[in-house]
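All remarks here apply to the structure that follows.
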Amino acid sequence: LQQHAQSVCAVIIEPLVQCAGNMRMYDPVYLTLLRAACDKYQVHLIADEIAVGFGRTGTLFACEQAAISPDFMCLSKGLTGGYLPLSAVLTTDKVYQAFYDDYQHLTAFLHSHSYTGNALACRAALATLNIFQHQPIIAQNKYLATIMAQAVEKFTAHPHVAEVRQTGMIVAIELVKNKATREPYPWQERRGLKVYRYALSKGVLLRPLGNVLYFMPPYIITAAEIQLMVDVAWQGLQHAVRD
């Protein structure tokens, strides 16, 4: 930012977990430092909490763990509990007020969508927010995250697992050809896909990212279902790494 602040409008990040980047995870301190840098060089900070928001990482929003507020926050998925598609963008009062004015002043940001505000999706969002307000979802998620951590512990010693990463109810297991050197499997071999196909045959739906297996289960999952999910993934891994 020090070098390019004059040509940078905003920094877009997924807080704590780079879900679109092979589920890489990082310490909240980096968010704190990034917020400070954006403030110093007057660059907007946009937090993409579409995947990590609404309790997925152990707090309602991942940014809370760094005690920061972004200039813009993108929300979806958990906003309706996955029941219906709905997205929202939150911003600061400073940004909002900069564009909220009488039309004749020509500062208004006249932008809208032709297909938004679906009544059923909004009702689903209200129901979801009501659940978060009146039920101990965050505390329950922390308990489930502990169950997940215990269940996947055996993966750490597997000869073809480089790393097991976890943030809240997100667990990522990185497959490699050589554990000592962290040499990856050639992407053409699609080892993750082999795990997926095996798990599907056992009634478990996984969605690997290349050679990274990951779990992002629904909040209504039980401890027994977590164990089943992990056991099937283990069996699938054993099947996938056979030469």
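Below is a table of values for the structure above.
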{"read-out": "Gain in span if fully extended, residue 87 to residue 41, counting 0.36 nm per residue against the direct Cα distance", "value": "13.6 nm"}
{"read-out": "Sequence of 89, 195, 176 once ranked by neighbouring C-beta atoms within 10 Å, starting from the fewest", "value": "89, 176, 195"}
{"read-out": "Rounded to the nearest 20 debye, dipole of the range 60-182 from Cβ charges on Lys, Arg, Asp, Glu", "value": "680"}
{"read-out": "The range 206-223 - phi-based ³J(HN,Hα) in whole Hz, Karplus 6.51/-1.76/1.60, Gly and Pro as x", "value": "10, 8, x, 9, x, 9, 10, 8, 8, 10, 9, x, x, 5, 8, 5, 9, 4"}
{"read-out": "Cα long-axis angle, helix 29-41 against the chain (0 to 90 degrees, to the nearest 10)", "value": "30"}
{"read-out": "Convex hull volume per residue for the range 10-134, taking Cα atoms only, in Å³", "value": "138"}
{"read-out": "Taking 61, 132 and counting other C-beta atoms within 10 Å, the order from fewest to most", "value": "132, 61"}
{"read-out": "Principal-axis tilt of helix 137-152 within the chain, Cα atoms, nearest 10 degrees", "value": "30"}
{"read-out": "Extension gain from residue 187 to residue 96, taking 0.36 nm per residue of separation minus the Cα-Cα distance", "value": "28.3 nm"}
{"read-out": "Between 0 and 90°, nearest 10: helix 119-134 axis offset from the chain longest Cα axis", "value": "70"}
{"read-out": "The range 137-240: projected area of the alpha-carbon convex hull, averaged over directions, in nm²", "value": "6.1"}
{"read-out": "Histogram of C-alpha separations across the chain, 5 Å bin width, %", "value": "1, 6, 11, 14, 15, 15, 13, 10, 7, 4, 2, 1, 0, 0, 0"}
{"read-out": "The range 10-134: relative contact order as a whole-number percent, Cα under 8 Å and 6+ apart", "value": "19"}
{"read-out": "Among 37-47, 110-120, 71-81, the order from most to least packed when residues are scored by Cβ within 10 Å on average", "value": "71-81, 37-47, 110-120"}
{"read-out": "Lysines with Cα under 17 Å of residue 177, excluding same-chain neighbours fewer than 8 positions away", "value": "194"}
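Rule-based calculations on the coordinates, nothing more; no lab input. Model, not experiment: these values are computed from the prediction. Please note: Cβ atoms are built from the backbone with ideal geometry, for glycine as well, and neighbour counts cover all protein chains shown.
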